[in-house]
Amino acid sequence: MKPLKYTFFFLFLFVQCSTVRIPQTVSFDGQALNRSFRRIQSGDAGYTEACRQLLLDADKCLTEGPYTVTSKPKMPPSGDKHDYISMGPYWWPNPDTPDGLPYIRKDGFRNPERNLYEDRSNLGKLMSAVETLGLAYYFSKNEKYAEHAALLLKVWFLDKETLMNPHLNYGQSVPGITDGRAEGLIETTGFIAMLDGVRLLEGSKSWTHQDNEALKKWFADFFDWMQTSKIGADERNAKNNHGTWYDAQSVAMALYIGKTGEAKQIVSGQTVARLRSQIMPDGSQPRELARADSWNYSNMNLRGFFTVATLARHVDVNLWTVTNDDGKPYLQTALDFLIPAFEDSTLWKYSQVSNRFDRGTMLNLLQRASVVYDNPDYALQAKKYQSSEKKDAENRNMLIGYGE
């Protein structure tokens with residue numbers, strides 16, 4: 001039996017005006033969100049259950065935060081707590097030196113010492129919460145969700161006492177080697193869905209036009225840093241998943257701040273070139289296969305490409321249909337390469353030191369591909385993966401249109 005408060009919520013939706021705005025989102029499909037709203041309004045059992053679960057997740061977010069970059073115990077080299085700092089995950093003390101410096105790299109093995117740097121964890125919680133709260137506000141129109149999302153955003157990005165400076169000069173630092181690396185930008189990929197959450201707050205009294213313009217200024221400054229700094233240039237020039245996700249973040253931010261011309265240049269220039277250099281005719285991604293956890297990194301990189309392809313619809317570039325010399329779409333070929341091991345991990349003949357196969361990401365890719373390529377076989381593949389994680393992912397994907 002559904003909790004009484006959610007029963008009242010759905011009754012409220014049934015008497016809503018039939019005219020519901022289509023949100024101007026970043027990566028999410030606004031049309032799909034609107035269709036989901038209408039299906040909830042009409043009493044569709046699957047969509048009402050997915051929305052109920054979303055609201056439960058959002059209610060949990062209401063009890064958490066706010067998060068701030070200034071609360072960390074680790075001081076960045078600048079001496080300014082407003083500067084974000086984190087540590088590279090695969091770096092360990094050197095056993096051959098008395099002080100352990102310089103650290104040495106062990107790909108695939110995460111050093112728990114990085115958890116002492118709290119900015120990464122707190123930013124991750126913030127980005128996830130704003131996405132969830134924004135979706136909850138859009139579907140429920142309950143101001144409490146917008147109010148808390150606004151609080152989280154203001155504390156992290158806008159309040160002078162607690163804001164993060166708009167750069168990542170000290171991301172993924174390595175003791176004894178560097179104060180910050182280009183790889184740190186992989187830690188802000190959650191900005192993309194977070195900006196969707198921000199867009200869904202539009203119309204709320206808790207998130208004003210002035211708030212939104214102030215956040216746009218922050219992201220304009222961050223975008224400029226990405227395009228002009230050495231760290232940003234190094235990440236842009238990366239030939240693997242880091243370069244792919246650099247494009248994804250850059251395009252999302254450019255769209256959010258109104259630089260559609262720059263967004264189109266990135267997609268049609270940089271990302272198309274990456275498809276051709278990173279994905280082989282058989283669908284393999286050699287630079288990801290060279291990693292210790294090659295399955296997970298192959299999935300991660302492909303999800304980055306899927307994200308750029310989704311964003312690219314705003315600038316009239318279709319990455320889904322860009323084909324290799326064999327006339328096959330790069331993205332579909334890369335997905336097909338991974339499917340056999342999704343069904344049976346023993347078929348994966350490359351390194352996977354963690355023995356943890358990220359099937360959640362593959363589930364997301366299959367559901368999106370089933371819609372984009374109008375291929376029901378992908379949807380059937382996704383349904384073979386049974387777990388509680390799958391159910392949670394299916395609910396969210398259904399609402400934002402990946403599972404249609």
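The values are calculated or read from the model by the stated rules, or taken from the named source; none is laboratory data. No experiment lies behind these values; they were computed from the predicted model shown. Every residue, glycine among them, receives a Cβ derived from its backbone with ideal geometry; neighbour counts consider all protein chains shown. With ligands, DNA and RNA removed, areas are computed over all heavy atoms of the protein, side chains included. Shrake-Rupley method; radii C 1.70, N 1.55, O 1.52, S 1.80 Å.
The table for this structure:
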| item | result |
| --- | --- |
| Yes/no for Tyr47 being under 30 Å from Asp196 (Cα atoms), part of a loop (DSSP other than H, G, I, E, B) and not acidic (Asp, Glu) | no |
| Meets criteria (closer than 28 Å to Pro166 by Cα and open to solvent by 60 Å² or more (accessible area, probe 1.4 Å)) for Pro66 | yes |
| Breaking point among (1) assigned to a helix (DSSP H, G or I); (2) modelled with pLDDT under 95, for Glu113 | (2) |
| Members of the range 193-218 found to be open to solvent by 10 Å² or more (accessible area, probe 1.4 Å), of a type in the set (A, V, I, L, M) and in contact with a Leu (Cβ under 9 Å, 6 or more places away or on another chain), listed by number | Ala214 |
| Search result, residues across the range 300-324 that are open to solvent by 10 Å² or more (accessible area, probe 1.4 Å) and among the aromatic types (Phe, Trp, Tyr) | Trp320 |
| Residue pairs meeting the criteria (Cβ under 9 Å; at least 6 apart or on separate chains; first within 16 Å of Leu135 (Cβ to Cβ) and free of Cβ contacts under 8 Å to residues at least 12 places away in the same chain, in the range 29-45; second open to solvent by 40 Å² or more (accessible area, probe 1.4 Å) and assigned to a loop (DSSP other than H, G, I, E, B)) | Gly30/Arg21; Gly30/Ile22; Gly30/Gln24 |
| Candidates Trp320, Trp295 - the one that is farther than 13 Å from Arg368 by Cα and either of a type outside the set (D, E, K, R) or assigned to a strand (DSSP E or B) (or both) | Trp295 |
| Pairs, first closer than 18 Å to Leu123 by Cβ in the range 174-187, second basic (Lys, Arg), C-beta under 8 Å, six or more apart | Glu187/Arg120 |
